[in-house]
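In what follows, a structure is listed as structure tokens, so that the remarks can point back to it.
The values are calculated or read from the model by the stated rules, or taken from the named source; none is laboratory data. All values derive from a computational prediction rather than experimental measurement. Don't worry about glycine lacking a Cβ; one is built from the backbone with ideal geometry, like all the others, and counts go over all protein chains shown. Ligands, DNA and RNA are excluded from the accessible area calculation, which covers all protein heavy atoms including side chains. Shrake-Rupley method; radii C 1.70, N 1.55, O 1.52, S 1.80 Å.
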2 protein chains.
Amino acid sequence: MSGLEPGERDAATLEEVARIAGVSRSTVSRVVNNSPGVSARARAAVSEAIAATRYVPNPAARNLATRRTDTIALVVSEDGERVFGDPFFAGVLRGVSATVAAADRQMVLVMSHGADRERLEQYLAAGHVDGAVVVSLHGMDPLPQRLTDAGVAVALLGRPLTATTVPYVDADNLGGALAATRHLAATGRRRIGTIAGPQDMAAGIDRLLGWRRAMGELGHRADAVVHADFTVEAGAAAMAELLAAHPDLDAVFAAADLLAVGALRHLRSRGVRVPDDLAVVGFDDSVLATTTNPTLTTVRQPVEELGRSTAWRLLAQLAGERHLPPSVLLPTELVVRDST
Amino acid sequence: MSGLEPGERDAATLEEVARIAGVSRSTVSRVVNNSPGVSARARAAVSEAIAATRYVPNPAARNLATRRTDTIALVVSEDGERVFGDPFFAGVLRGVSATVAAADRQMVLVMSHGADRERLEQYLAAGHVDGAVVVSLHGMDPLPQRLTDAGVAVALLGRPLTATTVPYVDADNLGGALAATRHLAATGRRRIGTIAGPQDMAAGIDRLLGWRRAMGELGHRADAVVHADFTVEAGAAAMAELLAAHPDLDAVFAAADLLAVGALRHLRSRGVRVPDDLAVVGFDDSVLATTTNPTLTTVRQPVEELGRSTAWRLLAQLAGERHLPPSVLLPTELVVRDST
DNA sequence: CTGAAAGCGCTTACAG
DNA sequence: CTGAAAGCGCTTACAG
């Protein structure tokens, strides 16, 4: 208790700095904002006064005058539970926060779990942030359009399912799935199933499409499909189901490493040898892929780079950059390990 | 592109609402803030105008006038990497965000990873938030005091290592460790070691103290100690080290479930049977505890409740509540499963 | 290069 | 119960 009431600050204002430096508020403001056209003499006096008073600009006042907040939201359309369990989000977070920090802006992470959705929208639309990177959109979520309408710049990480002009950055999910499935065929597998991800997200849809397309090219029947959420448990259950329906399977493409881990767990419990009896490919190349036994052949997606690119796209847009591409697709790459 | 420049909003202001409702700005403000003393007639007219214009108050203007932001920061003194890998943070996050939301405030999550420390402090001190819940403080971190000095209300989740008047909420780590060690002795273990956590955090220190005290009570030598960071890998390495130095060990108290999981992994690789040859107790009762084989005897700490209590403490303080306790200790509880 | 002044959109005594 | 007015702390044409 330093004698301040809650919420009270004894912070210096521009006014005081100006008085101490013996200049006008205008001049102090120019120095603070690195505006040109200030004499070295004035600049020095102001700098000294700023240091002496430990002056920090009041963001509310600045925001009110400029209509800018210099903060960017990372909006995750999941609840904390899932966010904190999935290495994918850790990578995205790293990428976005590094880029935002490098641009000298602040990043705030907000999650929208159903009930708070209303509050979240209000918060963003009210003008707390200049822009938002929105990740993990499900289905026909109207959030991006709503934010855009409210004047908040938006860039999506992951292709949206709605037809929209909101820009997005995504990994080449289809190409990755295609490569994974071709690899299985190339290594002699004849009966290839898939554990597909949720079909309310582009990542789930596109990876299934890639598998389907490869199966078509190969002239194989694409009938061994089971859907699952992106969790280990769902992966194990899906593997069980797949095996029951198609006992002749000799390979599985799982649409996420988490799913592959679940599949491996089930296969071990059933005594199915990997890769001898059945080959498994994952998707993500998360840390999980190298800690499983056997290590996991998987499709690497550049998670951190996805975060960086999306944040960069957003910042460029805020900077008024013209002729930006409406969307960007980052390459994926097959990483062969011991499970195939 | 709806015709708005980046950052531009076509949002209605109080002024416009007032004009449409045929009242003064004062009256609109009173309705928006649920102030008493507004006629039903005026209130209705204003409500209608608000709906028609989709009016949302400008937070910067409101903040400037009131000196309140209605937002609370959850500050995690770790980098994203670790935050997203540890179930502890997921629970804390749930607790804090639920409590903050219930109080009709917004929560922002900010992480401080070394380099950005400066920016973080500026951000918080500049007045973006009314208060901060700070978790996972290491060593003699001056952050809490700095924030307090800057007029930001602070409540710590976890006892700080510095002598400070900043309030905190913690779990009874010492009591939990005591109970765990006594339990091992009560089930006939004679040679009990410990994998201690980092000694720059109260959680690490207090759990080691609890083990030591129990060993003293039992008249056992407290010499089988190895320190480790709160990760699975460190736990495995520590178990190896412990076993090499003390081959006669028949029990281990690990200061975190993550450490216990690592220990179990190493023991299995060495062919040591749990609990037959060696008993293991963890700490946390995270989801991990029930998924290991054997399931883990552990000390439950009320993670989500820690988050709720700390946030509640902070909000109470902001509300000007008097005579609040400087610190709160929540009980821990031994949960016996198959590893002992 | 510098300063006086208007303005950003609210809240809140104060007077009625 | 209601409104006119001052004030929160900045920025930014504008005039000099």
(Q) Can you tell me how many residues within region B:91-118 are surrounded by fewer than 23 Cβ atoms within 10 Å (Cβ to Cβ), within 9 Å of chain A (Cβ to nearest Cβ) and within 22 Å of residue B:330 (Cα to Cα)? (A) 1
Q | Residue list for region A:144-159, filter: buried (at least 22 other Cβ atoms within 10 Å of the Cβ) and more than 11 Å from the chain's Cα centre (by Cα) | A | A:144, A:147, A:152, A:153, A:154
Q: Please determine, by comparing only the residues of region B:119-143 that are touching a helix residue (DSSP H, G or I) at 6+ places or on another chain (Cβ under 7 Å) and over 17 Å from residue B:314 (Cβ atoms), which one is surrounded by the fewest Cβ atoms within 10 Å (Cβ to Cβ).
A: B:119
Q.
Tell me the residue from A:35, A:29 that is touching a residue at least 12 places away in the same chain (Cβ under 8 Å), open to solvent by 20 Å² or more (accessible area, probe 1.4 Å) and away from every other protein chain (no Cβ under 13 Å), please.
A. A:29
Q | Hits in region B:198-224 (condition: assigned to a helix (DSSP H, G or I) and either in contact with a Phe, Trp or Tyr (Cβ under 6 Å, 6 or more places away or on another chain) or closer than 27 Å to residue B:140 by Cα (or both)) | A | B:202, B:203, B:204, B:205, B:206, B:207, B:208, B:209, B:210, B:211, B:212, B:213
Q.
Given the criteria facing chain A (nearest Cβ under 9 Å), open to solvent by 60 Å² or more (accessible area, probe 1.4 Å) and under 26 Å from residue B:303 (Cα atoms), does residue B:62 qualify?
A. no
Q | Checking residue B:286 against (1) part of a helix (DSSP H, G or I); (2) open to solvent by less than 40 Å² (accessible area, probe 1.4 Å), the condition it does not meet | A | (1)
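For region B:9-54, what are the residues that are part of a helix (DSSP H, G or I), small (Gly, Ala, Ser) and more than 7 Å from DNA strand D (Cβ to nearest atom)? Before you say what the answer is, go through the steps one by one.
First, pick out the residues of region B:9-54 that are part of a helix (DSSP H, G or I): B:14-21, B:25-32, B:40-53.
When the remaining residues are screened for being small (Gly, Ala, Ser), the result is B:18, B:21, B:26, B:29, B:40, B:42, B:44-45, B:47, B:49, B:51-52.
Once the filter is applied, which keeps residues that are part of a helix (DSSP H, G or I), small (Gly, Ala, Ser) and more than 7 Å from DNA strand D (Cβ to nearest atom), region B:9-54 yields B:18, B:21, B:29, B:40, B:44, B:45, B:47, B:49, B:51, B:52.
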Q | Options B:261, B:280, B:274; residue that is in contact (Cβ under 8 Å) with a residue 60 or more places away in the chain and either more than 14 Å from residue B:236 (Cβ to Cβ) or not in a loop (DSSP other than H, G, I, E, B) (or both) | A | B:280
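Quick one: is residue B:38 at pLDDT 90 or above, more than 10 Å from DNA strand C (Cβ to nearest atom) and in the same structural domain as residue B:109 (by TED's automatic domain parsing)? Full working, then the answer.
Values: at pLDDT 90 or above: yes; more than 10 Å from DNA strand C (Cβ to nearest atom): yes; in the same structural domain as residue B:109 (by TED's automatic domain parsing): no.
In short, no.
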Q) Do we have residue B:57 as in contact with a strand residue (DSSP E or B) (Cβ under 8 Å, 6 or more places away or on another chain), at pLDDT below 95, closer than 30 Å to residue B:153 by Cβ and open to solvent by 30 Å² or more (accessible area, probe 1.4 Å) here? A) no
**Q.** Test result for residue A:72, more than 16 Å from DNA strand C (Cβ to nearest atom) and not in a loop (DSSP other than H, G, I, E, B)
**A.** yes
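Is it the case that residue A:73 is open to solvent by less than 10 Å² (accessible area, probe 1.4 Å), small (Gly, Ala, Ser) and touching a helix residue (DSSP H, G or I) at 6+ places or on another chain (Cβ under 8 Å)?
Details: open to solvent by less than 10 Å² (accessible area, probe 1.4 Å): yes; small (Gly, Ala, Ser): yes; touching a helix residue (DSSP H, G or I) at 6+ places or on another chain (Cβ under 8 Å): yes.
Considered against the rule, which asks whether it is open to solvent by less than 10 Å² (accessible area, probe 1.4 Å), small (Gly, Ala, Ser) and touching a helix residue (DSSP H, G or I) at 6+ places or on another chain (Cβ under 8 Å), residue A:73 comes out as yes.
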Q. Could you list, in sequence order, the residues of region B:17-26 that are more than 8 Å from DNA strand C (Cβ to nearest atom) and either acidic (Asp, Glu) or surrounded by 17 or more Cβ atoms within 10 Å (Cβ to Cβ) (or both)?
A. B:18, B:20, B:21, B:23
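Restricting to region B:41-65, count the residues that are touching a residue at least 24 places away in the same chain (Cβ under 8 Å) and within 9 Å of DNA strand C (Cβ to nearest atom).
Taking region B:41-65 first, the residues touching a residue at least 24 places away in the same chain (Cβ under 8 Å) are B:45-46, B:48-50, B:52-58, B:63.
Then keep just the ones that are within 9 Å of DNA strand C (Cβ to nearest atom); that gives B:55-58, B:63.
Summing the residues that are touching a residue at least 24 places away in the same chain (Cβ under 8 Å) and within 9 Å of DNA strand C (Cβ to nearest atom) in region B:41-65 gives 5.
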